[in-house]
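The values are calculated or read from the model by the stated rules, or taken from the named source; none is laboratory data. On a predicted model such as this, the values are computed, not experimentally measured, just so you know. Cβ atoms come from the backbone with ideal geometry, glycine included; neighbour counts cover every protein chain shown. Heads up: the accessible areas ignore ligands, DNA and RNA and are worked out on the full protein's heavy atoms, side chains in. Shrake-Rupley method; radii C 1.70, N 1.55, O 1.52, S 1.80 Å.
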Amino acid sequence: SFPTRRSSDLKPALEDVTGARSPKPALEDVTEEAANPVILPTLYNKRGRLIVPPPLKGSHEILIRQNVVADRDGLDRIQNDDDLEQMRVQHLLVALPVSRALDVDERLPADRRYTRPWTAQFLATLARVHYARFHTSLQVNSAVRTVEFQQRLLRTNGNAAPAEGETASPHLTGQAVDLAKHGLSRTEIAWLRGYLLPLIQQGRIDVEEEFQQSCFHIRVYKRYM
C-alpha cells in the first residue's frame with residue numbers, strides 16, 4: 001500500500017460535506033504528457049542542504065490579469081448549478097483526474113469535482129511526477145465554483161475572492177484548483193514551489209500560497225495546452 005493524505009490532517013474544506021467519493025482509476029489511465037517537457041526542480045545544493053524557495057505570492061495585479069485573460073479567451077463565469085451542468089454535458093468541464101497520485105477531499109461535493117480540460121491535464125502531469133518522486137498523493141480541496149456559491153462563501157469567509165468584477169475568483173471559470181498543503185513534508189513543499197515557478201515564469205499558470213486555508217491556489221491558463 002502507498003501513503004496518502006488523511007482527512008484528519010486537513011482543515012474543513014470550503015465546500016459542503018458530501019459522503020460520495022469518486023472511484024480511483026489506475027494512474028496510467030488518467031495521466032498525459034504535458035505539451036512541453038516537465039522541468040523537475042533541484043532539491044539539494046552541493047552541500048546536501050535542502051533548497052526551500054520562498055512562498056509563491058499572489059497580488060491584486062495578478063487577479064486582474066487572470067480576469068483579463070479569461071475574458072480574452074472567451075471563458076464565461078459559471079453562474080449557477082444549471083449552468084454548471086450544461087458545461088459538463090458539453091464537456092467544457094471535465095472530471096478531476098483522480099488516481100492513486102491525485103486524491104480529492106471527501107468533503108468536496110461530487111458536482112464540484114470538475115475543471116477545465118487544460119487544468120485537468122496540468123493536475124494529471126503534476127500528480128504523476130510528484131508521485132514518482134515521493135510515492136504519496138496530492139489532494140485537491142477545491143475546483144470549479146459557481147457565482148451563486150461564491151456569493152454564499154463571501155458571507156462566511158472574508159478571505160474569499162469576489163464573485164464578480166475585475167478581481168473575481170478564477171474558480172468561477174473552472175480553471176482554478178486548490179491543492180492541500182496539510183500533510184505535505186517540508187521537502188514536498190520545496191519541490192512543489194520549484195516545480196511551479198518555471199510554469200509561472202512561462203505564463204502558463206499563476207500560483208498563490210494561502211496560509212489561512214493552507215493550500216496552493218493555482219490558476220491554469222488555457223495556453224498551458
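What to note about this one:
- The single condition among (1) part of a helix (DSSP H, G or I); (2) within 17 Å of HIS130 (Cβ to Cβ) that ARG223 does not satisfy is (2).
- With respect to (1) small (Gly, Ala, Ser); (2) over 17 Å from the mean Cα position of the chain (by Cα); (3) open to solvent by 20 Å² or more (accessible area, probe 1.4 Å), the lone exception for ALA161 is condition (2).
- Pairs, first without any contact (Cβ under 8 Å) to a residue 24 or more places away in the chain in the stretch 103-119, second outside any loop (DSSP other than H, G, I, E, B) and buried (at least 22 other Cβ atoms within 10 Å of the Cβ), C-beta under 8 Å, six or more apart: none
- In the stretch 89-110, the residues that are surrounded by 16 or more Cβ atoms within 10 Å (Cβ to Cβ) and part of a helix (DSSP H, G or I): none
- For the stretch 181-192, the candidate set comprises residues that are in a helix (DSSP H, G or I) and among the charged types (D, E, K, R); within that set, the residue that is surrounded by the fewest Cβ atoms within 10 Å (Cβ to Cβ) is ARG186.
- Among the candidates VAL129, VAL140, the residue that is part of a helix (DSSP H, G or I), within 20 Å of ARG204 (Cα to Cα) and not small (Gly, Ala, Ser) is uniquely VAL129.
- Residue match in the stretch 193-203 (condition: outside any helix (DSSP H, G or I), among the β-branched types (Val, Ile, Thr) and within 18 Å of the chain's Cα centre (by Cα)): no
- Screening ASP178, ASP206 for residues that are in contact (Cβ under 8 Å) with a residue 12 or more places away in the chain, in contact with a Cys (Cβ under 7 Å, 6 or more places away or on another chain), open to solvent by less than 30 Å² (accessible area, probe 1.4 Å) and outside any helix (DSSP H, G or I) leaves exactly one candidate, ASP178.
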